[in-house]
Amino acid sequence: MKCILILEDEPLIAMDLQLAFEDAGAEAVVTVSCDEAFEAMDGAEFDGAVLDVNLGKGETCEPVAVELRARGVPFLLHTGDLDRAGEALRDLDAPILAKPSGADDVVSRLFGLNGQLQPA
Amino acid sequence: MHRGNGDGSRKTFEQAQHTGRPFNAEEDNFPGSSGLLFEQAMAQTRMAVCLTDPRLEDDPIVFCNKAFEKLTGYKQDEIVGRNCRFLQGPKTDQSQVAKIRDAIRTEEVLVVELLNYRKDGSTFWNALHLGPIYDEEGKLRYFFGSQWDVTDIHLARAEEKHAKAMAREVSHRLKNVFAVIGGIVNITGRAMNARNVSSKINERVQALGRAYEPTLDDAALGTIEVGQAIRSVLNPYDPEGDRILFEGNGARTEPNAVSAMGLTLHELATNASKYGALSNEDGKITVSWHHTEDRHERQALVIDWKETGGPRISGEPEITGTGFDIAERLLAYSRGTLDRTWEEDGLRAKISLPLKS
(Lines give C-alpha, C1' and ligand atoms only; values in the text may rest on other atoms or scores of the structure.)
Protein backbone atom coordinates (compact mmCIF):
# COMPACT_ATOMS: atom_id res chain seq x y z
CA MET A 1 0.00 0.00 0.00
CA LYS A 2 1.25 3.44 -0.93
CA CYS A 3 1.84 5.85 1.90
CA ILE A 4 1.26 9.56 1.39
CA LEU A 5 2.28 12.46 3.60
CA ILE A 6 -0.18 15.32 3.85
CA LEU A 7 0.92 18.64 5.32
CA GLU A 8 -2.17 20.81 5.72
CA ASP A 9 -3.29 23.03 8.59
CA GLU A 10 -6.92 23.45 7.50
CA PRO A 11 -8.83 20.52 9.08
CA LEU A 12 -11.56 20.18 6.45
CA ILE A 13 -9.14 20.17 3.57
CA ALA A 14 -6.87 17.73 5.42
CA MET A 15 -9.78 15.37 6.11
CA ASP A 16 -11.03 15.61 2.53
CA LEU A 17 -7.57 14.80 1.17
CA GLN A 18 -7.03 11.94 3.58
CA LEU A 19 -10.36 10.34 2.68
CA ALA A 20 -9.70 10.80 -1.03
CA PHE A 21 -6.32 9.08 -0.75
CA GLU A 22 -7.88 6.27 1.27
CA ASP A 23 -10.55 5.88 -1.43
CA ALA A 24 -7.74 5.54 -3.93
CA GLY A 25 -6.29 2.70 -1.89
CA ALA A 26 -3.45 4.61 -0.26
CA GLU A 27 -2.63 5.32 3.34
CA ALA A 28 -2.41 9.02 4.19
CA VAL A 29 -0.71 10.54 7.22
CA VAL A 30 -1.89 14.05 8.04
CA THR A 31 0.50 16.52 9.67
CA VAL A 32 -0.28 20.15 10.49
CA SER A 33 3.18 21.67 10.89
CA CYS A 34 6.69 21.22 9.57
CA ASP A 35 7.74 19.77 12.94
CA GLU A 36 5.05 17.13 12.75
CA ALA A 37 5.94 16.36 9.15
CA PHE A 38 9.60 15.83 10.07
CA GLU A 39 8.55 13.58 12.94
CA ALA A 40 6.42 11.52 10.58
CA MET A 41 9.26 11.31 8.08
CA ASP A 42 11.58 10.07 10.83
CA GLY A 43 9.68 6.83 11.25
CA ALA A 44 8.40 6.16 7.74
CA GLU A 45 9.17 6.08 4.06
CA PHE A 46 6.64 8.01 2.01
CA ASP A 47 5.75 7.40 -1.62
CA GLY A 48 4.50 10.91 -2.18
CA ALA A 49 3.33 14.06 -0.44
CA VAL A 50 0.87 16.94 -0.72
CA LEU A 51 2.08 20.15 0.90
CA ASP A 52 0.03 23.20 1.74
CA VAL A 53 2.40 26.12 1.26
CA ASN A 54 1.18 28.56 3.92
CA LEU A 55 0.88 26.97 7.33
CA GLY A 56 -0.07 30.08 9.27
CA LYS A 57 1.97 32.57 11.29
CA GLY A 58 4.44 32.89 8.43
CA GLU A 59 5.41 29.22 8.43
CA THR A 60 5.71 27.62 5.00
CA CYS A 61 6.27 24.03 3.95
CA GLU A 62 9.67 24.93 2.56
CA PRO A 63 11.91 22.85 4.88
CA VAL A 64 9.73 19.79 4.32
CA ALA A 65 9.79 20.33 0.56
CA VAL A 66 13.58 20.58 0.61
CA GLU A 67 13.86 17.36 2.64
CA LEU A 68 11.44 15.48 0.37
CA ARG A 69 13.36 16.61 -2.68
CA ALA A 70 16.60 15.42 -1.07
CA ARG A 71 15.00 12.03 -0.43
CA GLY A 72 13.62 11.85 -3.95
CA VAL A 73 10.00 11.69 -2.76
CA PRO A 74 7.60 13.23 -5.31
CA PHE A 75 5.33 15.93 -3.97
CA LEU A 76 2.71 18.48 -4.98
CA LEU A 77 2.40 22.02 -3.68
CA HIS A 78 -1.25 22.69 -2.93
CA THR A 79 -1.70 26.41 -2.46
CA GLY A 80 -3.98 29.36 -2.90
CA ASP A 81 -1.22 31.91 -3.16
CA LEU A 82 2.13 30.96 -4.58
CA ASP A 83 3.34 34.54 -4.34
CA ARG A 84 3.80 34.02 -0.64
CA ALA A 85 6.06 31.06 -1.12
CA GLY A 86 9.69 31.93 -0.58
CA GLU A 87 12.31 32.03 -3.30
CA ALA A 88 13.74 28.71 -2.18
CA LEU A 89 10.38 27.03 -2.66
CA ARG A 90 10.02 28.49 -6.12
CA ASP A 91 13.53 27.34 -6.97
CA LEU A 92 12.51 23.75 -6.23
CA ASP A 93 10.21 24.02 -9.24
CA ALA A 94 7.81 21.44 -7.81
CA PRO A 95 4.47 20.78 -9.50
CA ILE A 96 1.78 23.10 -8.18
CA LEU A 97 -1.92 22.51 -7.88
CA ALA A 98 -3.81 25.72 -7.26
CA LYS A 99 -6.35 25.81 -4.46
CA PRO A 100 -9.21 25.30 -4.62
CA SER A 101 -9.10 22.03 -6.48
CA GLY A 102 -11.01 18.85 -5.80
CA ALA A 103 -9.41 16.26 -3.54
CA ASP A 104 -9.77 13.72 -6.34
CA ASP A 105 -7.80 16.02 -8.64
CA VAL A 106 -5.05 16.18 -6.04
CA VAL A 107 -4.96 12.40 -5.84
CA SER A 108 -4.97 11.83 -9.60
CA ARG A 109 -2.38 14.52 -10.16
CA LEU A 110 -0.05 12.94 -7.62
CA PHE A 111 -0.68 9.41 -8.79
CA GLY A 112 -0.55 10.25 -12.45
CA LEU A 113 -2.88 8.76 -15.02
CA ASN A 114 -1.65 5.17 -14.83
CA GLY A 115 -1.48 4.88 -11.09
CA GLN A 116 2.23 5.54 -11.06
CA LEU A 117 3.62 8.29 -8.89
CA GLN A 118 4.88 11.15 -10.95
CA PRO A 119 8.61 11.72 -10.63
CA ALA A 120 9.58 14.61 -8.42
CA MET B 1 32.77 69.37 -27.73
CA HIS B 2 33.66 73.03 -28.08
CA ARG B 3 32.35 75.86 -26.01
CA GLY B 4 30.43 79.05 -26.24
CA ASN B 5 28.72 79.03 -29.62
CA GLY B 6 25.27 78.28 -28.25
CA ASP B 7 24.34 76.06 -31.19
CA GLY B 8 21.94 74.07 -29.07
CA SER B 9 23.77 70.82 -29.54
CA ARG B 10 25.64 70.95 -26.28
CA LYS B 11 24.26 69.52 -23.13
CA THR B 12 22.18 71.84 -21.03
CA PHE B 13 22.24 71.84 -17.28
CA GLU B 14 18.91 69.98 -17.29
CA GLN B 15 20.27 67.30 -19.56
CA ALA B 16 23.27 66.91 -17.35
CA GLN B 17 20.86 66.25 -14.50
CA HIS B 18 19.03 63.60 -16.45
CA THR B 19 22.18 61.79 -17.41
CA GLY B 20 22.84 61.31 -13.73
CA ARG B 21 26.36 62.64 -13.77
CA PRO B 22 27.74 65.70 -11.99
CA PHE B 23 27.44 69.11 -13.55
CA ASN B 24 30.64 69.92 -15.32
CA ALA B 25 31.53 73.55 -16.01
CA GLU B 26 33.63 72.53 -19.01
CA GLU B 27 31.05 70.44 -20.83
CA ASP B 28 27.82 71.83 -19.52
CA ASN B 29 28.66 75.46 -19.88
CA PHE B 30 26.55 77.67 -22.09
CA PRO B 31 26.52 81.44 -22.60
CA GLY B 32 23.88 82.09 -19.98
CA SER B 33 25.00 79.57 -17.46
CA SER B 34 26.05 82.23 -14.99
CA GLY B 35 25.01 85.72 -14.18
CA LEU B 36 21.72 87.35 -14.99
CA LEU B 37 20.08 84.58 -17.06
CA PHE B 38 20.85 81.97 -14.45
CA GLU B 39 19.49 84.09 -11.64
CA GLN B 40 16.29 84.87 -13.53
CA ALA B 41 15.75 81.22 -14.37
CA MET B 42 16.33 80.24 -10.76
CA ALA B 43 13.87 82.87 -9.58
CA GLN B 44 11.16 81.66 -11.92
CA THR B 45 11.41 77.90 -11.79
CA ARG B 46 8.88 76.10 -9.63
CA MET B 47 11.61 73.63 -8.72
CA ALA B 48 13.05 74.43 -5.32
CA VAL B 49 16.79 74.82 -5.75
CA CYS B 50 19.67 75.46 -3.38
CA LEU B 51 23.43 75.53 -3.54
CA THR B 52 25.70 74.65 -0.65
CA ASP B 53 29.36 75.44 -0.29
CA PRO B 54 31.29 72.40 0.90
CA ARG B 55 34.42 74.50 1.41
CA LEU B 56 32.78 76.36 4.29
CA GLU B 57 32.37 74.75 7.66
CA ASP B 58 29.37 72.37 7.85
CA ASP B 59 28.55 72.80 4.15
CA PRO B 60 26.00 75.62 4.53
CA ILE B 61 23.41 76.75 2.00
CA VAL B 62 24.74 79.80 0.16
CA PHE B 63 21.91 80.22 -2.29
CA CYS B 64 18.24 79.28 -2.49
CA ASN B 65 15.47 80.38 -4.80
CA LYS B 66 11.89 81.54 -4.26
CA ALA B 67 10.50 78.06 -4.83
CA PHE B 68 12.71 76.80 -2.00
CA GLU B 69 11.23 79.43 0.32
CA LYS B 70 7.73 78.51 -0.78
CA LEU B 71 8.28 74.79 -0.32
CA THR B 72 9.84 75.03 3.13
CA GLY B 73 8.05 78.09 4.55
CA TYR B 74 11.33 79.69 5.61
CA LYS B 75 12.56 83.08 4.34
CA GLN B 76 15.86 83.30 2.53
CA ASP B 77 17.65 84.92 5.48
CA GLU B 78 16.54 82.02 7.68
CA ILE B 79 17.88 79.52 5.17
CA VAL B 80 21.21 80.81 3.93
CA GLY B 81 24.06 79.93 6.23
CA ARG B 82 22.47 76.76 7.59
CA ASN B 83 23.15 73.16 6.76
CA CYS B 84 20.30 71.45 4.87
CA ARG B 85 19.65 69.14 7.80
CA PHE B 86 17.47 71.78 9.43
CA LEU B 87 14.68 70.43 7.18
CA GLN B 88 14.91 67.02 8.83
CA GLY B 89 12.82 65.88 11.77
CA PRO B 90 12.05 62.92 14.01
CA LYS B 91 10.41 60.85 11.24
CA THR B 92 13.07 61.48 8.62
CA ASP B 93 14.54 58.13 7.58
CA GLN B 94 18.16 58.20 8.78
CA SER B 95 19.21 55.60 6.21
CA GLN B 96 18.27 58.07 3.48
CA VAL B 97 20.18 60.80 5.28
CA ALA B 98 23.20 58.50 5.39
CA LYS B 99 22.95 58.12 1.60
CA ILE B 100 23.09 61.90 1.27
CA ARG B 101 26.16 62.05 3.51
CA ASP B 102 27.86 59.38 1.43
CA ALA B 103 27.02 61.12 -1.85
CA ILE B 104 28.48 64.38 -0.55
CA ARG B 105 31.61 62.64 0.68
CA THR B 106 32.16 60.80 -2.60
CA GLU B 107 30.94 63.72 -4.74
CA GLU B 108 28.29 61.68 -6.50
CA VAL B 109 24.90 62.51 -7.98
CA LEU B 110 22.05 61.15 -5.87
CA VAL B 111 18.27 61.14 -5.92
CA VAL B 112 16.53 60.19 -2.67
CA GLU B 113 13.08 60.62 -1.25
CA LEU B 114 12.91 61.69 2.34
CA LEU B 115 10.44 63.19 4.74
CA ASN B 116 11.21 66.84 5.43
CA TYR B 117 9.67 69.40 7.78
CA ARG B 118 8.44 72.89 6.95
CA LYS B 119 8.83 75.87 9.23
CA ASP B 120 5.29 75.32 10.56
CA GLY B 121 6.15 71.73 11.49
CA SER B 122 4.12 70.12 8.70
CA THR B 123 5.86 67.42 6.69
CA PHE B 124 6.34 66.79 2.98
CA TRP B 125 7.96 64.05 0.94
CA ASN B 126 10.95 65.54 -0.75
CA ALA B 127 12.40 64.04 -3.91
CA LEU B 128 15.87 65.46 -3.39
CA HIS B 129 18.31 65.51 -6.24
CA LEU B 130 21.83 66.50 -5.31
CA GLY B 131 25.12 66.59 -7.07
CA PRO B 132 28.49 68.32 -7.09
CA ILE B 133 29.30 71.34 -9.25
CA TYR B 134 32.89 71.84 -10.34
CA ASP B 135 34.63 74.99 -11.48
CA GLU B 136 36.61 75.34 -14.72
CA GLU B 137 39.63 73.78 -13.09
CA GLY B 138 37.63 70.78 -12.01
CA LYS B 139 37.60 71.73 -8.35
CA LEU B 140 34.52 71.09 -6.27
CA ARG B 141 32.74 74.42 -5.93
CA TYR B 142 29.16 73.77 -4.82
CA PHE B 143 26.66 71.10 -4.12
CA PHE B 144 23.48 71.55 -6.04
CA GLY B 145 20.20 70.46 -4.49
CA SER B 146 16.77 70.44 -6.10
CA GLN B 147 13.73 69.63 -4.03
CA TRP B 148 10.38 68.46 -5.36
CA ASP B 149 7.33 67.87 -3.20
CA VAL B 150 6.16 64.33 -4.00
CA THR B 151 3.79 63.97 -1.06
CA ASP B 152 0.80 63.33 -3.37
CA ILE B 153 2.69 60.64 -5.25
CA HIS B 154 3.69 59.06 -1.97
CA LEU B 155 0.12 58.97 -0.72
CA ALA B 156 -1.17 57.54 -3.98
CA ARG B 157 1.61 54.95 -3.97
CA ALA B 158 0.85 53.95 -0.39
CA GLU B 159 -2.85 53.68 -1.14
CA GLU B 160 -2.25 51.62 -4.24
CA LYS B 161 0.08 49.33 -2.35
CA HIS B 162 -2.44 48.94 0.43
CA ALA B 163 -5.26 48.25 -2.05
CA LYS B 164 -3.14 45.62 -3.80
CA ALA B 165 -2.23 43.94 -0.53
CA MET B 166 -5.90 43.91 0.48
CA ALA B 167 -7.01 42.46 -2.86
CA ARG B 168 -4.42 39.72 -2.51
CA GLU B 169 -5.44 38.94 1.03
CA VAL B 170 -9.12 38.78 0.05
CA SER B 171 -8.29 36.63 -2.95
CA HIS B 172 -6.24 34.26 -0.81
CA ARG B 173 -8.99 33.96 1.79
CA LEU B 174 -11.66 33.49 -0.83
CA LYS B 175 -9.69 30.63 -2.34
CA ASN B 176 -9.34 29.08 1.08
CA VAL B 177 -13.06 29.46 1.72
CA PHE B 178 -13.86 27.71 -1.56
CA ALA B 179 -11.36 24.97 -0.72
CA VAL B 180 -12.99 24.48 2.67
CA ILE B 181 -16.48 24.44 1.10
CA GLY B 182 -15.18 21.77 -1.26
CA GLY B 183 -14.04 19.77 1.75
CA ILE B 184 -17.43 20.01 3.47
CA VAL B 185 -19.32 19.01 0.33
CA ASN B 186 -17.06 16.01 -0.30
CA ILE B 187 -17.07 14.80 3.27
CA THR B 188 -20.84 15.17 3.54
CA GLY B 189 -21.39 13.40 0.23
CA ARG B 190 -19.15 10.58 1.35
CA ALA B 191 -20.91 10.23 4.71
CA MET B 192 -24.36 10.17 3.09
CA ASN B 193 -23.44 7.83 0.28
CA ALA B 194 -24.11 10.55 -2.26
CA ARG B 195 -20.70 10.87 -3.85
CA ASN B 196 -22.14 11.47 -7.32
CA VAL B 197 -24.26 14.35 -6.19
CA SER B 198 -21.58 15.85 -3.98
CA SER B 199 -18.94 15.76 -6.70
CA LYS B 200 -21.33 17.51 -9.12
CA ILE B 201 -22.07 20.17 -6.53
CA ASN B 202 -18.39 20.55 -5.86
CA GLU B 203 -17.44 20.92 -9.50
CA ARG B 204 -19.99 23.69 -9.91
CA VAL B 205 -19.02 25.45 -6.70
CA GLN B 206 -15.34 25.35 -7.65
CA ALA B 207 -16.10 26.62 -11.17
CA LEU B 208 -17.95 29.54 -9.60
CA GLY B 209 -15.05 30.19 -7.29
CA ARG B 210 -12.66 30.29 -10.22
CA ALA B 211 -14.97 32.62 -12.14
CA TYR B 212 -15.16 35.10 -9.28
CA GLU B 213 -11.57 34.98 -8.16
CA PRO B 214 -9.94 37.06 -10.93
CA THR B 215 -12.68 39.68 -10.65
CA LEU B 216 -11.64 40.81 -7.17
CA ASP B 217 -9.07 43.36 -8.26
CA ASP B 218 -11.42 44.66 -10.87
CA ALA B 219 -14.80 44.66 -9.21
CA ALA B 220 -14.25 48.04 -7.57
CA LEU B 221 -14.30 49.56 -11.05
CA GLY B 222 -17.90 48.44 -11.46
CA THR B 223 -17.16 46.07 -14.32
CA ILE B 224 -14.84 43.12 -14.68
CA GLU B 225 -12.76 41.85 -17.55
CA VAL B 226 -14.53 38.88 -19.08
CA GLY B 227 -11.45 37.15 -20.43
CA GLN B 228 -9.84 36.54 -17.04
CA ALA B 229 -13.01 34.94 -15.68
CA ILE B 230 -13.44 32.78 -18.80
CA ARG B 231 -9.82 31.61 -18.69
CA SER B 232 -9.85 30.70 -15.03
CA VAL B 233 -13.10 28.76 -15.31
CA LEU B 234 -11.79 26.74 -18.23
CA ASN B 235 -8.12 26.32 -17.37
CA PRO B 236 -8.56 23.11 -15.32
CA TYR B 237 -10.11 21.40 -18.37
CA ASP B 238 -6.98 22.08 -20.37
CA PRO B 239 -4.00 21.37 -18.12
CA GLU B 240 -1.56 21.35 -21.04
CA GLY B 241 -2.96 24.61 -22.39
CA ASP B 242 -3.18 23.40 -25.98
CA ARG B 243 -6.81 22.34 -26.36
CA ILE B 244 -8.78 25.51 -25.65
CA LEU B 245 -8.09 28.63 -27.69
CA PHE B 246 -9.08 31.99 -26.26
CA GLU B 247 -9.92 34.96 -28.45
CA GLY B 248 -11.12 38.12 -26.78
CA ASN B 249 -10.81 41.85 -27.02
CA GLY B 250 -10.69 42.91 -23.38
CA ALA B 251 -14.47 43.12 -23.18
CA ARG B 252 -15.92 43.92 -19.78
CA THR B 253 -19.17 43.08 -18.07
CA GLU B 254 -21.02 43.43 -14.77
CA PRO B 255 -19.74 41.34 -11.87
CA ASN B 256 -23.27 39.93 -11.51
CA ALA B 257 -23.00 38.23 -14.88
CA VAL B 258 -20.14 36.09 -13.61
CA SER B 259 -22.15 33.33 -11.93
CA ALA B 260 -24.38 32.52 -14.91
CA MET B 261 -21.49 32.85 -17.33
CA GLY B 262 -19.11 30.80 -15.19
CA LEU B 263 -21.58 27.96 -14.63
CA THR B 264 -22.58 27.83 -18.31
CA LEU B 265 -18.94 27.59 -19.39
CA HIS B 266 -18.39 24.92 -16.77
CA GLU B 267 -21.29 22.85 -18.17
CA LEU B 268 -20.00 23.27 -21.72
CA ALA B 269 -16.52 22.19 -20.67
CA THR B 270 -17.78 19.21 -18.65
CA ASN B 271 -19.92 18.17 -21.59
CA ALA B 272 -16.94 18.53 -23.93
CA SER B 273 -14.81 16.36 -21.60
CA LYS B 274 -17.43 13.60 -21.63
CA TYR B 275 -18.75 13.67 -25.18
CA GLY B 276 -17.16 16.48 -27.18
CA ALA B 277 -13.86 17.94 -28.30
CA LEU B 278 -12.09 17.21 -25.01
CA SER B 279 -13.17 13.57 -24.94
CA ASN B 280 -10.57 12.45 -27.48
CA GLU B 281 -6.89 13.15 -27.99
CA ASP B 282 -6.90 16.03 -30.43
CA GLY B 283 -10.21 17.91 -30.40
CA LYS B 284 -10.05 21.65 -29.89
CA ILE B 285 -12.32 24.36 -28.57
CA THR B 286 -12.25 27.98 -29.60
CA VAL B 287 -13.81 30.39 -27.13
CA SER B 288 -14.20 33.95 -28.33
CA TRP B 289 -16.00 36.88 -26.81
CA HIS B 290 -16.99 40.38 -27.88
CA HIS B 291 -19.58 43.07 -27.42
CA THR B 292 -22.40 43.31 -29.91
CA GLU B 293 -25.98 44.52 -30.30
CA ASP B 294 -28.66 41.94 -29.73
CA ARG B 295 -31.96 41.73 -31.57
CA HIS B 296 -33.47 44.34 -29.27
CA GLU B 297 -30.61 46.72 -30.08
CA ARG B 298 -29.20 46.34 -26.60
CA GLN B 299 -25.48 46.06 -26.03
CA ALA B 300 -24.69 42.47 -25.22
CA LEU B 301 -21.72 40.36 -24.36
CA VAL B 302 -21.49 37.35 -26.65
CA ILE B 303 -19.34 34.32 -25.95
CA ASP B 304 -18.93 31.94 -28.88
CA TRP B 305 -18.01 28.33 -28.19
CA LYS B 306 -16.84 26.22 -31.08
CA GLU B 307 -15.75 22.61 -30.78
CA THR B 308 -13.86 20.90 -33.57
CA GLY B 309 -12.02 17.62 -33.97
CA GLY B 310 -14.10 15.75 -31.41
CA PRO B 311 -16.13 12.62 -32.14
CA ARG B 312 -18.51 13.07 -35.10
CA ILE B 313 -22.00 13.90 -33.94
CA SER B 314 -25.31 13.41 -35.66
CA GLY B 315 -27.73 16.04 -34.47
CA GLU B 316 -28.98 17.00 -31.05
CA PRO B 317 -28.55 14.35 -28.36
CA GLU B 318 -31.71 13.09 -26.63
CA ILE B 319 -30.63 14.15 -23.17
CA THR B 320 -28.42 17.19 -22.71
CA GLY B 321 -28.07 17.15 -18.95
CA THR B 322 -29.53 18.98 -15.98
CA GLY B 323 -26.47 21.21 -15.87
CA PHE B 324 -27.58 22.96 -19.04
CA ASP B 325 -31.12 23.39 -17.68
CA ILE B 326 -29.68 25.18 -14.67
CA ALA B 327 -27.35 27.25 -16.84
CA GLU B 328 -30.13 28.34 -19.21
CA ARG B 329 -32.39 29.33 -16.34
CA LEU B 330 -29.59 31.27 -14.66
CA LEU B 331 -28.83 33.09 -17.89
CA ALA B 332 -32.53 33.92 -18.26
CA TYR B 333 -32.48 35.70 -14.90
CA SER B 334 -29.83 38.00 -16.40
CA ARG B 335 -32.00 38.19 -19.55
CA GLY B 336 -29.35 36.22 -21.33
CA THR B 337 -29.59 33.25 -23.66
CA LEU B 338 -27.76 30.06 -24.51
CA ASP B 339 -28.12 28.73 -28.05
CA ARG B 340 -26.62 25.41 -28.99
CA THR B 341 -26.32 23.80 -32.42
CA TRP B 342 -24.86 20.39 -33.08
CA GLU B 343 -22.70 20.55 -36.20
CA GLU B 344 -21.21 17.36 -37.52
CA ASP B 345 -17.69 18.32 -36.40
CA GLY B 346 -18.72 19.54 -32.99
CA LEU B 347 -20.99 21.58 -30.76
CA ARG B 348 -21.44 25.31 -31.32
CA ALA B 349 -22.79 27.40 -28.49
CA LYS B 350 -23.51 31.08 -28.13
CA ILE B 351 -23.91 32.69 -24.72
CA SER B 352 -25.46 36.13 -24.92
CA LEU B 353 -25.72 38.44 -21.92
CA PRO B 354 -27.19 41.94 -22.20
CA LEU B 355 -25.07 44.71 -20.69
CA LYS B 356 -26.73 47.28 -18.49
CA SER B 357 -26.55 50.61 -20.25
Problem - Filter result for B:Leu263 (within 29 Å of the chain's Cα centre (by Cα) and more than 21 Å from B:Pro311 (Cβ to Cβ)) - result: yes
Handout entry: Selection status of A:Pro74, surrounded by fewer than 17 Cβ atoms within 10 Å (Cβ to Cβ) and either within 14 Å of chain B (Cβ to nearest Cβ) or under 14 Å from the mean Cα position of the chain (by Cα) (or both)
Key = no
Handout entry: Pick from the range A:14-32, criterion under 21 Å from B:Arg173 (Cβ atoms) and within 12 Å of the chain's Cα centre (by Cα), ranking: most open to solvent (accessible area, probe 1.4 Å)
Key = A:Val32
Practice task
Would you mention how many residues in the range B:169-189 are of a type outside the set (A, V, I, L, M) and in contact with a helix residue (DSSP H, G or I) (Cβ under 6 Å, 6 or more places away or on another chain)?
Solution key: 6
Exercise for the section: Would you mind stating whether B:Gly248 is of a type in the set (Gly, Ala, Ser) and under 30 Å from B:Glu344 (Cβ atoms)? Expected result: yes
Handout entry: Which listed residue, of B:Gln88, B:Gln76, is more than 37 Å from the chain's Cα centre (by Cα), at pLDDT 90 or above and not aliphatic (A, V, I, L, M)
Key = B:Gln76
Practice task
Would you please name the residue that is farthest from B:Ala300 (Cα to Cα), looking only at residues in the range B:316-338 that are among the aliphatic types (A, V, I, L, M) and touching a residue at least 40 places away in the same chain (Cβ under 8 Å)?
Solution key: B:Ile326
Completion exercise
Those residues of the range B:168-195 which are closer than 19 Å to B:Leu208 by Cβ and either polar (S, T, N, Q) or more than 7 Å from every other protein chain (Cβ to nearest Cβ) (or both) amount to B:Val170, B:Ser171, B:Arg173, B:Leu174, B:Asn176, B:Val177, B:Ile181, B:Val185, B:Asn186, B:Thr188, B:Gly189
Exercise for the section: State which residue is farthest from B:Ile230 (Cα to Cα) when the search covers only the range B:196-209 and only residues that are touching a His at 6+ places or on another chain (Cβ under 9 Å) and more than 9 Å from every other protein chain (Cβ to nearest Cβ). Expected result: B:Arg204
Exercise for the section: Among the numbered conditions (1) more than 14 Å from chain B (Cβ to nearest Cβ); (2) surrounded by 16 or more Cβ atoms within 10 Å (Cβ to Cβ); (3) under 27 Å from B:Arg190 (Cα atoms), tell me where A:Met1 comes up short. Expected result: (2)
Practice task
Might you let me know whether the range B:210-228 holds any residue that is within 14 Å of chain A (Cβ to nearest Cβ) and touching a His at 6+ places or on another chain (Cβ under 9 Å)?
Solution key: yes
Exercise for the section: Filter the range B:144-171 down to the residues that are open to solvent by 50 Å² or more (accessible area, probe 1.4 Å), in contact with a strand residue (DSSP E or B) (Cβ under 9 Å, 6 or more places away or on another chain) and in contact (Cβ under 8 Å) with a residue 12 or more places away in the chain, then identify the one that is nearest to A:Val106 (Cα to Cα). Expected result: B:Ile153
Handout entry: Selection status of B:Asp339, more than 22 Å from A:Pro100 (Cα to Cα), at pLDDT 90 or above and surrounded by fewer than 15 Cβ atoms within 10 Å (Cβ to Cβ)
Key = yes
Exercise for the section: Mind listing whichever residues of the range B:233-249 are closer than 22 Å to B:Ser259 by Cα, surrounded by fewer than 15 Cβ atoms within 10 Å (Cβ to Cβ) and more than 24 Å from the chain's Cα centre (by Cα)? Expected result: B:Leu245
Exercise for the section: Search the range B:266-287 for residues being in a strand (DSSP E or B) and surrounded by 17 or more Cβ atoms within 10 Å (Cβ to Cβ), and hand back the single one that is nearest to the chain's Cα centre (by Cα). Expected result: B:Val287
Problem - Selection within the range A:4-26 - under 17 Å from A:Leu77 (Cα atoms) and either outside any helix (DSSP H, G or I) or away from every other protein chain (no Cβ under 14 Å) (or both) - result: A:Ile4, A:Leu5, A:Ile6, A:Leu7, A:Glu8, A:Asp9, A:Glu10
Handout entry: Output for the range A:27-56, where each listed residue is in contact (Cβ under 8 Å) with a residue 40 or more places away in the chain and more than 12 Å from chain B (Cβ to nearest Cβ)
Key = A:Ala44, A:Glu45, A:Phe46, A:Asp47, A:Gly48, A:Ala49, A:Val50, A:Leu51, A:Leu55
Practice task
May I ask you to list pairs of residues, at least six apart or on different chains, whose Cβ atoms are under 7 Å apart, with the first in the range B:172-198 being in the same structural domain as B:Ser232 (by TED's automatic domain parsing) and of a type in the set (Lys, Arg) and the second being at pLDDT below 90 and not in a helix (DSSP H, G or I)?
Solution key: B:Lys175/A:Gly80; B:Lys175/A:Lys99; B:Lys175/A:Pro100
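The values are calculated or read from the model by the stated rules, or taken from the named source; none is laboratory data. Bear in mind that the values here come from a model prediction, so they are computed numbers and not experimental data. In this analysis, Cβ positions are derived from the backbone assuming ideal geometry, glycine residues included, and neighbour counts consider all displayed protein chains. Accessible surface areas use protein heavy atoms only, side chains included; no ligands, DNA or RNA. Shrake-Rupley method; radii C 1.70, N 1.55, O 1.52, S 1.80 Å.
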